[in-house]
Amino acid sequence: MNIIWLGHGSFRIEIEDQVLLVDPWLNGNPMLGEDQHATAIEGATHILVTHGHFDHITDVPDISKTTGAPVSGMYELAQFLHAQGAVEGQAFNMGGTIALGDNVTCSMVPASHSSSADVADTRRYMGNESGLILRGEGHCVYISGDTGIMADMDWIGDYYKPDIGILSAGGHFTMGMAEAAYAANRYFDFKTVIPCHYRTFDVLEQSAQVLADGLPGVNVVEPQVMVAIEV
């Protein structure tokens, strides 16, 4: 499996025979050069979205049209994106599990954040914010989405037992590095942790050292944009 950070909360995950784009933000993403956009989305088979904020869905309809990749996510949000011209994927909800090809599954789990999008001159509710559980290649990956610490992490860790955590950890809008370390220690038994939603803007944390220091014995990988993390 290759986990490739596209900057901020965006990822390209190559797992089994699938190429998944999670919350792909291209235009306006200060961490991803315009010359990297085509490579970032090349060969995409599915697009997954966690919530409706601009830095997670702005480019999704256009990416879907370009690649032909269907868009799946929270019922209201997925339907909104499909109405914008995105290829129709699966509109599902908390506790639901969908198949992505023959050997990969994605389950929707809670997050604690908010979810809205600007439509014309109004801001519309886009259904609940979410996290995702990916399973394939013998791994279970918890993608926290944008979230603070929450009690739901207790059952998520106990039920799914993810070995890889992709955790929002930049602070201000989500958990910071110290909070992410606390959550990982209390609720999970990760072998690998990859922080995200940081370094993008000055208001966010710029280093994952606090996270690494708080998780001795865990492989904390500070991702580099467009550099594959092999697990």
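Along Cα→Cβ, 7 Å out, is where each label goes; now give me the distance between the ones at residue 203 and residue 158 in nm to one decimal.
Here the answer is 3.6 nm between the modelled labels.
Taking 30 Å as R0, compute the FRET efficiency from the Cβ-Cβ separation of residue 102 and residue 189 and round it to 0.05. Walk me through the numbers before you get to the answer.
Numbers: r = 28 Å, r/R0 = 0.93.
In this case the efficiency is close to 0.60.
Compute the Cα gyration tensor for segment 157-215, then decide on rounded, prolate or oblate, letting a ≥ b ≥ c be the square roots of its eigenvalues: rounded whenever a/c is under 1.5, prolate when a/b is larger than b/c in the other cases, and oblate in all that remain.
Working: a/c = 2.21, a/b = 1.98, b/c = 1.12.
Prolate shape, in that a/c is at least 1.5 and a/b is the bigger ratio.
How much of the accessible area of segment 50-164, probe 1.4 Å, is carbon plus sulfur, in whole percent? Let's see the in-between values first.
Details: 2250 of 4870 Å².
It is 46 percent, rounded to a whole number.
Is the chain best put as rounded, prolate or oblate by its Cα gyration tensor, with a ≥ b ≥ c the root eigenvalues, rounded for a/c under 1.5, and otherwise prolate when a/b is larger than b/c, oblate when not?
Values: a/c = 1.34, a/b = 1.29, b/c = 1.04.
In terms of gyration-tensor shape, rounded.
Considering Cα pairs under 8 angstrom that are at least six residues apart, work out the relative contact order of the chain and quote it in whole percent.
Details: 572 pairs, mean separation 40.3, N = 231.
Once divided by the residue count of the chain, the mean separation gives 17 percent.
Calculate how steeply helix 177-187 sits against the longest principal axis of the alpha-carbon atoms of the chain, using the helix alpha-carbon long axis, and give the answer as 0 to 90 degrees to the nearest 10.
So the inclination is approximately 80 degrees.
So, for the chain, what is the accessible surface per residue at a probe of 1.4 Å, expressed in square angstrom? All intermediate terms of the calculation are to be shown ahead of the outcome.
Numbers: 9480 Å² over 231 residues.
Ligands and nucleic acids excluded, the figure is 41 Å² per residue.
The values are calculated or read from the model by the stated rules, or taken from the named source; none is laboratory data. Only a predicted model underlies this, so the values are computations on that prediction, with no experimental measurement involved. Counting neighbours? That spans all protein chains shown, and the Cβs are built from the backbone with ideal geometry, glycine included. Protein only, heavy atoms only, side chains kept; ligands, DNA and RNA dropped before computing areas. Shrake-Rupley method; radii C 1.70, N 1.55, O 1.52, S 1.80 Å.
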